[in-house]
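Colleague: Provided herewith is a single structure, encoded as structure tokens, for subsequent inquiry.
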Amino acid sequence: MTSPSRLPLLAGLPLAVGAGLAIPVQGRINGALGTRLDDGIAAAVVSFSTGLVLMVAVSLLLPRGRAGLARIVPALRSRAFPPAYALAGAIGAFFVFAQSFTVGILGVALFTVATVTGQTVSGLLVDRMGIGPAGRKAVTGIRAAGSVLTIAAVAWAVSPRFTGTGAAAAADGSGGPGALLVPVLLPVLAGFLMSFQQAMNGTATMHYGSPIAATLVNFIAGTVVLWAALAVKVAVTGPVAPLPGEWWYYLGGPMGCIFIGLSALLVRTLGVLVTGLGMIAGQLVGSLVLDIVLPAPGSVVAPATVLGTLLTLAAIVLTTLPWPRGAFRRQGR
């Protein structure tokens, strides 16, 4: 087994934030594609298929990619890690489907809060269970406080957008609160499962020797699952709408390659929770930049958006600082 080297915290955390920058771009693209095709599954298939093509090319062209490719089958045959970890891409497929299906219904704000809530809670759980390559990490008061602060900060940052199309659809009585229950639960569950995906990918990366191989396996599993789901849907409801001609609709997959590959590399150094929180910070920063540079209908950049983003960054710092054990107890005496 050739494990990738650990990154220092000061290098790893900015990379986690950078990986998070790809998520709002992917969400904007996949949400628009899902609306254009009127089919969340078809949009997810397009996203994963383009990502798979890219990862196959990278794996074949780069020496490190070819080396990782050669280690995949031996690692799976030797059961160096639970075989189910090779199916982590199915979680990514579910996340992309949730993006494509619910962003147009809920709006970006509610989708973001839902996924962040699920991801933050499961990040604590996964670290406590020791599933990831960083091993078991205790649920300290600092880590719990940072997680709660992150959820509150994200909710504050996106609060100005609750007057957008997604919230307005709920407010006008067209579907009622009950109609939003399933669309809200989907991103919560997708966010919750994302921490498990990161832990599984991080462990697989240690045995493949490269995050390129782990990302490739993710896209293979996710693409197979999505194509099977689309085949069933087409058999029941008929063919999907024609694919659009605009090139930018096909960039969702490459964005997924970036954050899956980086998160697989980073969880060994940072742990699942801190990697997830760093990506959340990048997600908010990326959303803010998108809303300023390429605003979508209903986009709002208000003081709460900026201040909430800054508070999220502060929560990341709070969670990652090397606080001494028992710091809270000594302060409370």
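The values are calculated or read from the model by the stated rules, or taken from the named source; none is laboratory data. If you're wondering where the values come from, they're calculated on a predicted model, not measured in any experiment. Reconstructed Cβ throughout: ideal geometry from the backbone, glycine too, with neighbour counts over all protein chains shown. Surface accessibility is based on the protein's heavy atoms, side chains included, excluding ligands, DNA and RNA. Shrake-Rupley method; radii C 1.70, N 1.55, O 1.52, S 1.80 Å.
Colleague: So, of the residues in the stretch 249-259 that are open to solvent by 10 Å² or more (accessible area, probe 1.4 Å) and assigned to a helix (DSSP H, G or I), which turns out to be modelled with the lowest pLDDT?
Modeller: The extreme case among them is Phe259.
Colleague: Which pairs do you get when a residue that is open to solvent by 50 Å² or more (accessible area, probe 1.4 Å), found in the stretch 151-167, comes within reach of a residue that is modelled with pLDDT under 70, reach meaning Cβ atoms under 6 angstrom, with the pair 6+ apart or on two chains?
Modeller: That search, which allows pairs on different chains as well, returns Phe162/Ala109; Thr165/Gly107; Thr165/Gly298.
Colleague: Can you find a residue in the stretch 32-52 that is at pLDDT 85 or above, open to solvent by 30 Å² or more (accessible area, probe 1.4 Å) and farther than 29 Å from Val184 by Cβ?
Modeller: yes
Colleague: Determine whether Ala114 is among the aliphatic types (A, V, I, L, M), surrounded by fewer than 22 Cβ atoms within 10 Å (Cβ to Cβ) and out of contact with any Cys (no Cβ under 7 Å at 6 or more places or on another chain).
Modeller: Here the answer is no, as Ala114 does not meet what is asked.
Colleague: Tell me the residue from Thr215, Thr223, Thr269 that is among the polar types (S, T, N, Q), open to solvent by 20 Å² or more (accessible area, probe 1.4 Å), in a helix (DSSP H, G or I) and at negative phi, please.
Modeller: Going through Thr215, Thr223, Thr269 in turn, the sole match is Thr269.
Colleague: Would you confirm whether or not the stretch 94-104 contains a residue that is at pLDDT 90 or above and out of contact with any strand residue (DSSP E or B) (no Cβ under 8 Å at 6 or more places or on another chain)?
Modeller: yes
Colleague: Also: Just wondering, is there one or more residues in the stretch 88-109 that are of a type outside the set (Asp, Glu), open to solvent by 10 Å² or more (accessible area, probe 1.4 Å), farther than 30 Å from Pro242 by Cβ and in a helix (DSSP H, G or I)?
Modeller: no
Colleague: Considering only the stretch 226-248, state which residues are under 30 Å from Val73 (Cβ atoms) and open to solvent by 70 Å² or more (accessible area, probe 1.4 Å).
Modeller: Trp227, Val232
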